[in-house]
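The values are calculated or read from the model by the stated rules, or taken from the named source; none is laboratory data. Here the structure is a predicted model, which is why all the values come from computation and not from measurement. Note that each Cβ is placed from the backbone with ideal geometry, even for glycine, and that neighbours are counted across all protein chains shown. The accessibility values were calculated without ligands, DNA or RNA, using every heavy atom of the protein model including side chains. Shrake-Rupley method; radii C 1.70, N 1.55, O 1.52, S 1.80 Å.
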Amino acid sequence: TMMDPPVPTASRNSGRWLLGIAVLAASAWLNGFAAFVSCRPFQAQQGVRQLSVLARQGAASPVARTGQKLIIRLPKAFGFQNASDIPKESVIHPLKSRARDQRKRFWELAKAGHNVSEVFVRYEGKTPWKRIGEIAHSRGDFREAIQCQYNYLIKRSYKLYRKFRYFYPGEYPVQFGYTDTEGKLVPVDDGPLELGTEPAEMKEMLYRSGFFPAEKPRYWRHIQRNLKDKYESKKDFHRKKFWLTRRKFNTRLAAHKWYDPNKYRGRYMQVQKPKRGIVAGTGPSR
């Protein structure tokens, strides 16, 4: 009898491998699809962050980025505050006051006839009273004027006196004082304002106060500072072109670094008189 030819074993094994790969691929696809359908709208941990990011983009339709997450885009919430309820940045942010602003306010208060007093500083038991300037207050409360301008008074004292700089990092406290109506010194040991003072409250205190700082003796000041104190000079050079007042320095070669002998063409009239329209002396035009 005739028998069928035997099937080779290699073809049987390859068929089984292909069938197994197909089954694995189908199961993986089904698992991914089931996870995509059964996923939650947003997770508790990552959902808030995704919503805040996507709300800025302004979309309102659900989008699935991957097979395991469903991201919902929502518009940004309006909130419960109106534009008038939100405070301005100048009220929230720290103050950026300058010493020249307080000097200007001092002159305004003094011209308006408000109370003015000298202010002094000392280390009790170590130094005598030293004058550091004048303060003004619209209500006559110099204690408040010293407290709100405490930083300016410290800086001016540090600049004026060496003994202040010597004792400042030590254990002795700084003490300020002002003169009352009878000419007596009234010490102030309150120190600066409290740390929790609102910026708006401190701003109002500064508007009610002013400080005009004292200067060092004239022989201890810088020469340019003394020149600016002059009332007048030739063409007001001491204020506009103060380098022209350095007569001795201008005689040196270092004061004329701009000069290049290779580019020198002669004096001004020697260069300009050959040009048309330039008159040299009292003779005819050339």
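Restricting attention to the range 228-238, the residues being open to solvent by 70 Å² or more (accessible area, probe 1.4 Å), in a helix (DSSP H, G or I) and free of Cβ contacts under 8 Å to residues at least 12 places away in the same chain number 2. The residues listed here are Tyr172, Tyr168, Tyr178, Tyr158; of these, the one that is within 26 Å of the chain's Cα centre (by Cα) and either over 22 Å from Lys216 (Cα atoms) or among the hydroxyl-bearing types (Ser, Thr, Tyr) (or both) is Tyr158.
Count of the range 131-149 residues, restricted to those that are among the polar types (S, T, N, Q) and in contact with a Pro (Cβ under 8 Å, 6 or more places away or on another chain), is 1. Restricting the first member to the range 152-176 and to residues that are of a type in the set (A, V, I, L, M, F, W, C), and the second to residues that are open to solvent by 80 Å² or more (accessible area, probe 1.4 Å) and assigned to a helix (DSSP H, G or I), the beta-carbon pairs closer than 9 Å and six or more apart or on different chains are Phe164/Tyr158.
Pairs meeting the criteria (first residue in the range 245-273 and under 22 Å from Gln224 (Cα atoms), second residue open to solvent by less than 60 Å² (accessible area, probe 1.4 Å) and not in a helix (DSSP H, G or I), beta carbons under 8 Å, at least 6 apart or on different chains) are Thr245/Ser233. Counting only strands (runs of 3 or more DSSP E) that fall entirely inside the range 175-227 and contain at least 1 residues that are over 22 Å from Gly125 (Cα atoms) and hydrophobic (A, V, I, L, M, F, W, C), the qualifying elements are 209-213.
Only a single item in (1) over 22 Å from Lys104 (Cβ atoms); (2) at pLDDT below 95 is not met by Lys155, and it is number (1). On inspection, Tyr158 passes the criterion of being part of a helix (DSSP H, G or I), open to solvent by 90 Å² or more (accessible area, probe 1.4 Å), under 21 Å from Glu118 (Cβ atoms) and among the aromatic types (Phe, Trp, Tyr). Against the criterion of being modelled with pLDDT of 95 or more and either of a type outside the set (D, E, K, R) or open to solvent by 50 Å² or more (accessible area, probe 1.4 Å) (or both), Phe167 does not qualify. Across the range 197-207, not a single residue is classified as among the aromatic types (Phe, Trp, Tyr) and open to solvent by less than 100 Å² (accessible area, probe 1.4 Å). Filter the range 105-149 down to residues that are basic (Lys, Arg) and touching a residue at least 40 places away in the same chain (Cβ under 8 Å) and give me whichever is most open to solvent (accessible area, probe 1.4 Å). Among those residues, the one meeting the criterion is Arg139.
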